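Heads up, the thing below is written out as structure tokens.
The values are calculated or read from the model by the stated rules, or taken from the named source; none is laboratory data. This one's a predicted model, so the numbers in the text were calculated from it and none came from an experiment. Cβ sites come from the backbone with ideal geometry, for glycine too, and all protein chains shown count toward neighbours.
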Amino acid sequence: MKKAIAAAVLVIAIVAAFFAGTALGKAGKDDSGSTPKSDSNNGVQNKAENEDEVSDEVIKTPKNVFFSPNTGDDNNDASQWSPVKTKKQAEAIAKDIVLGKNEEIVILEYLMTVDVKTQEAAGVFSEAGGINMIPFTGSADGYYFKGEIVGLGCDTQKYLPNDGGVLFSARYMLKGKDYKGQDCSVFIENNGSALELCTPTIITDSRALSEWQSWDLRTIVVPVGGGVSVNVYRIHKD
């Protein structure tokens, strides 16, 4: 019980009392918020022969290479804050990256950022685990969509009783305009167990953004004063 409470307090402090979400991408995502390797795009072809092989699939550490057609720079280093302009440039940089045994290249295309401001949390903890619920407001900005969170979003943090792990799930609705200038709404549900590996799902009535509902997406959550910034990316596997 004491360990569960201590873990909860530590995580809350690290993320400024928030996890947050942004959403998108459905197919091929698991509860850990990770996305399968490129060799499993069409589903699991063969069962792993033992538990160790399955574990290796899950714990692959991504080596991210970023690009942004609208805000990238031809001469930057393809980092999160200095994306290059094109996927071709990102792929060229990726070829020079030396990977460790449990690492994989992931090329990410920047879509938008949701800036989140958290409010007072409410929680309950027992020997069965813990729940912390954090309401939030905020806004989204990017080339493709700009808008505001409608009412309050809520991040639910579930603390597991045995291993002290934590699962995040954030849900919220945004209203604004897409890059075609059309009014639209975007619902986001973001799930994961690590701030750098969250899996969002999006539902939107924007025709211009309709592909976001089927793309494989990832968010990287960055703690900032009073909340977090949720950066939303499309995963490119080839």
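Between Val150, Val166, Val116, which is touching a helix residue (DSSP H, G or I) at 6+ places or on another chain (Cβ under 8 Å), more than 21 Å from Glu211 (Cα to Cα) and surrounded by 14 or more Cβ atoms within 10 Å (Cβ to Cβ)? Show your work before the answer.
Numbers: Val150 fails: touching a helix residue (DSSP H, G or I) at 6+ places or on another chain (Cβ under 8 Å); Val116 fails: touching a helix residue (DSSP H, G or I) at 6+ places or on another chain (Cβ under 8 Å).
The match here is Val166.
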Checking Lys117 against (1) under 30 Å from Val84 (Cα atoms); (2) more than 19 Å from the chain's Cα centre (by Cα); (3) not acidic (Asp, Glu): exactly one of these is not met. Which one? (2)
Quick one: what pairs do we get from segment 107-123, first residue basic (Lys, Arg), second in a loop (DSSP other than H, G, I, E, B), C-beta under 7 Å, 6+ apart or different chains? Lys117/Gly226
Of (1) modelled with pLDDT under 65; (2) in a helix (DSSP H, G or I), Asn42 satisfies all except one. Which? (2)
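Residue-wise test of (1) without any contact (Cβ under 8 Å) to a residue 60 or more places away in the chain; (2) under 30 Å from Gly130 (Cβ atoms); (3) assigned to a loop (DSSP other than H, G, I, E, B).
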site: Pro161; (1), (2), (3): no, yes, yes
site: Gly164; (1), (2), (3): no, yes, yes
site: Leu174; (1), (2), (3): no, yes, no
site: Ser185; (1), (2), (3): yes, no, no
site: Thr201; (1), (2), (3): no, yes, no
site: Ala208; (1), (2), (3): no, no, yes
site: Val221; (1), (2), (3): no, yes, no
site: Val228; (1), (2), (3): no, yes, no
Do we find a residue being at pLDDT 95 or above and in a loop (DSSP other than H, G, I, E, B) anywhere in segment 132-143? yes
Could you list, in sequence order, the residues of segment 210-219 that are surrounded by fewer than 16 Cβ atoms within 10 Å (Cβ to Cβ) and either small (Gly, Ala, Ser) or part of a loop (DSSP other than H, G, I, E, B) (or both)? Ser210, Ser214
Residue in segment 83-93 that is surrounded by 20 or more Cβ atoms within 10 Å (Cβ to Cβ) and not in a helix (DSSP H, G or I) present: yes
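Would you call Tyr159 out of contact with any helix residue (DSSP H, G or I) (no Cβ under 7 Å at 6 or more places or on another chain) and surrounded by 15 or more Cβ atoms within 10 Å (Cβ to Cβ)? Outline the logic, then answer.
Numbers: out of contact with any helix residue (DSSP H, G or I) (no Cβ under 7 Å at 6 or more places or on another chain): no; surrounded by 15 or more Cβ atoms within 10 Å (Cβ to Cβ): yes.
Taking the combined requirement at face value, the residue does not satisfy it.
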